[in-house]
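Report on one structure; see the data block that follows.
What follows is calculated from the coordinates using simple rules that are stated; it is not laboratory data. Bear in mind that the values here come from a model prediction, so they are computed numbers and not experimental data. Here the Cβ is made from the backbone with ideal geometry for all residues, glycine too, and neighbour counts use every protein chain on show.
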Amino acid sequence: MEEQKKGVRLTGYRQDYVVFDLETTGLSPMTDAIIEISAVKVRKGTVTDQFSTLVNPNRHIPAAATQVNGITDKMVAGAPPLKEVLDQFLAFIGDEVLVGHNIHSFDMKFLNRAMEELYQRDLGNDYIDTLYMARRCLKELSHHRLTDLAAYFHISTEGAHRALNDCVMNQKCFEEMGKRMKTEDLGAEPQEACPRCGGELIKRSGRFGPFYGCCNYPRCRYTRNV
């Protein structure tokens with residue numbers, strides 16, 4: 001049986017992708033639960049389809065979480081369980097490249113924990129985290145939250161912190177950053193992309209001096225001398 005690969009973080013811009021976002025009961029991927037999943041499918045920079053549903057976590061939603069996303073116990077009482085939602089979500093995304101803001105450190109960890117518990121495997125989709133992209137091409141900003149990017153590009157932030165609204169906002173910001181990268185001659189792919197997996201090459205220091213290593217280490221062990 002072929003081993004299921006775990007998706008890796010990519011860099012640069014793509015024309016075809018799926019933006020997704022999660023809302024959760026808290027910040028810990030190990031102890032908190034997903035309560036909303038939304039996604040928008042994009043072809044050649046244009047949204048062509050969307051997916052969005054609440055999820056019943058079978059637990060109380062803390063007041064602190066409700067204060068952020070507005071989702072209450074009453075709202076999720078009749079929502080489908082996570083297994084049913086994930087089945088639909090996986091069918092929606094297929095093998096598309098995923099895009100999201102701060103997903104490397106947050107959303108992907110929630111999804112991979114759920115995948116492991118429900119399917120005994122990791123999520124195989126490669127992904128682009130727009131937080132890293134923003135830090136690279138919007139260095140003039142002091143903060144790179146999704147709402148900061150939206151304000152910079154004059155994109156409405158109404159309804160922020162609900163998953164579908166954040167997906168729509170993020171998709172527009174991703175397109176704007178893609179345009180900026182091309183304008184500044186950064187290209188569709190940055191020069192320092194790993195030739196083996198497409199991840200970002202990071203300058204590191206080792207016993208024998210500086211070198212470039214893949215951000216997806218240890219899954220990808222590509223290195224290159226400086």
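Tabulated data
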quantity	calculated
Angle between the chain longest axis and helix 163-183 axis [Cα atoms, degrees, rounded to 10]	20 degrees
Tally of Lys pairs whose C-alpha atoms are under 28 Å apart, taken over the stretch 52-196, 8 or more apart or cross-chain	9
Label-reachable residues, the stretch 10-44, where backbone N falls under 17 Å from a point 7 Å from Lys139's Cα toward its Cβ	12
Helix-derived mean residue ellipticity, 222 nm - over the chain, DSSP H n ≥ 4, -39500 (n - 2.57), to 500	-9500 deg cm²/dmol
Gain on full stretching of the segment that runs from Val47 to Lys5 - 0.36 nm per residue minus C-alpha separation	12.4 nm
Residue of Ala151, Ala193, Ala163 that the Gaussian network model of the chain assigns the largest fluctuation, springs spanning Cα pairs under 10 Å	Ala151
Disulfide-incompatible cysteines by the Cβ rule (no partner under 4.7 Å) in the chain	Cys137, Cys167, Cys173, Cys215
The stretch 9-183: antiparallel DSSP beta bridges as a percent of all, rounded to 5	70 percent
Cα convex hull volume per residue for the chain (Å³)	151 Å³
The chain: angle of helix 82-93 to the longest principal axis, Cα-based, in degrees nearest 10	40 degrees
Other-chain or far-sequence residues with amide H under 5 Å of Val99's (modelled H)	Val18, Val19, Phe20, Ile128
Spacing of the two label points (7 Å from each Cα toward its C-beta) at Asn58 and Tyr217, in nm	4.1 nm
Among Gly12, Gly78, Gly100: highest mean-square fluctuation, GNM of the chain, C-alpha pairs under 10 Å	Gly78
Separation in nanometres of the label points that stand 7 Å from Cα toward Cβ, at Lys179 and Gln67	3.8 nm
Candidates Arg121, Arg207, Arg43, ranked by Gaussian network fluctuation over the chain, Cα under 10 Å, top entry	Arg207
Rel. contact order, % - alpha carbon contacts under 8 angstrom, at least six apart, the chain	24 percent
Nearest 10 degrees, 0 to 90: helix 107-119 Cα axis against the chain principal axis	60 degrees
